[in-house]
Amino acid sequence: MLGYAISFLIIALIAGVLGFGVIAGTAAMIARVLFLVFLVLFVAAFLRGRRSDR
């Protein structure tokens, strides 16, 4: 998931440099959403792992 977010971020940066504003904005939005999903899943996995230690 984090790999996809980084990929879309790189696509957004390249598209922004080349002047493709709509594509850059869309790719940046997708990267942001994927990163947020990654964070939620990471925190959930971290908390779930801590509970099993008790």
Determine if segment 21-30 includes at least one residue that is under 8 Å from the mean Cα position of the chain (by Cα) and either exposed (fewer than 14 other Cβ atoms within 10 Å of the Cβ) or at negative phi (or both). yes
Candidate set from segment 7-20 (those that are exposed (fewer than 14 other Cβ atoms within 10 Å of the Cβ) and of a type in the set (Val, Ile, Thr)); member that is nearest to ALA45 (Cα to Cα): ILE10
Is segment 40-47 home to any residue that is exposed (fewer than 11 other Cβ atoms within 10 Å of the Cβ) and aromatic (Phe, Trp, Tyr)? yes
Would it be correct to say that PHE8 is in a helix (DSSP H, G or I), at negative phi and without any contact (Cβ under 8 Å) to a residue 24 or more places away in the chain? no
Could you run through segment 15-30 and say how many residues are of a type in the set (A, V, I, L, M, F, W, C) and within 16 Å of ALA5 (Cβ to Cβ)? 6
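Every number here is computed from the coordinates shown, using simple stated rules; none is lab data. Fair warning: this is a prediction, and the values are worked out from it, not measured in the lab. Virtual Cβ from ideal backbone geometry, glycine too; neighbours counted across all protein chains shown.
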